[in-house]
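Input: a single structure, listed below in structure tokens.
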Amino acid sequence: AVDPPDVGVEIRSDLARWADGNSERTARVKIAFAVGTPWDPMRVLDRYELLFEAGLVGEADTASTGHGVELGKDHRRIVATALGRLRGKLTYRPVIFEVMPEEFTLTDLQTAVEAIIGVQLHKQNFRRTIDRGRLVEPSGGFSTLTGGRPAAMYRFRSDVVSERPRPGFPLPRP
């Protein structure tokens, strides 16, 4: 299971005030923001739409309470949709390696995956997942930028695309 990111006390209280005992609204908040339910990183657009409906985020020419950065037109919705689709695509295509340099450390790879899915992953579990998936291979190089012992460098195994139909990164599921 993945722990949900902390959405902050202010947003939680604003959502609770918006739901105000309405069972349908309360259920939507619980599912979208993992209140007593497992966190689902794919629900980006659901969370945005709920925050928009609650008046906590806005689009151009709409009022909001000022959470987040104001974006023009429907750009916030476009970004939420794109992020949700990218998170979903990670599970069946090795798209993460399209944003990685040719050679990288496993820490660099984990940091990139965490940035996209929006949650921190357990280091050993992440490395086990990478090993089991045979997505990378050692390049033979080492990085001395770690501040300690040099870290082994890896590269994407492009053969993995022809070896199996869904060579993506298995995200932690709720």
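The values are calculated or read from the model by the stated rules, or taken from the named source; none is laboratory data. Since the structure is predicted, the reported quantities are computational estimates derived from the model, not experimental observations. Neighbour counts run over all protein chains shown; Cβ positions are idealised from the backbone, glycine included. Protein only, heavy atoms only, side chains kept; ligands, DNA and RNA dropped before computing areas. Shrake-Rupley method; radii C 1.70, N 1.55, O 1.52, S 1.80 Å.
Residue separation of residue 142 and residue 78 scaled by 0.36 nm, minus their Cα-Cα distance, works out to 19.1 nm of gained length.
What the chain shows is 60 Å² of accessible area per residue, with the surface traced by a 1.4 Å probe over protein heavy atoms. Rounded to the nearest Hz, the phi-derived 3J(HN,Hα) couplings of the range 101-110 under the Karplus curve 6.51 cos²θ - 1.76 cosθ + 1.60 (θ = phi - 60°) are x, 3, 10, 7, 8, 5, 5, 4, 5, 4, where x marks glycine and proline. A simple charge model with +1 on the Cβ of Lys and Arg, -1 on the Cβ of Asp and Glu and nothing else charged puts the dipole of the chain at about 680 debye relative to its Cα centre.
Candidate values (i) 72, 54, 20; (ii) 57, 37, 33; (iii) 65, 32, 31 were compared with Cα extents along the principal axes in Å computed on the shown model; the agreeing label is (ii). Only helical runs count toward this figure. For the chain, summing -39,500 (n - 2.57) over DSSP H runs of n ≥ 4 and dividing by all residues gives -12500 deg cm²/dmol at 222 nm.
Overall, the anisotropy analysis places the range 95-174 in the oblate class: the square-rooted eigenvalues a ≥ b ≥ c of its C-alpha gyration tensor yield a/c not less than 1.5, with a/b not exceeding b/c. Computed from phi, the 3J(HN,Hα) profile of the range 77-84 under the Karplus parametrisation 6.51, -1.76, 1.60 (θ = phi - 60°) reads 5, 5, 5, 4, 5, 4, 5, x Hz, with x in place of Gly and Pro. Under a 5 Å amide H cut-off, with hydrogens placed 1.01 Å from N, residue 142 pairs with 153 among residues at least 5 apart or on other chains. Helix 44-53 and the longest principal axis of the Cα set of the chain meet at an angle near 20°. The accessible surface of the chain, taken with every protein chain in place and a 1.4 Å probe, is 53 percent carbon and sulfur.
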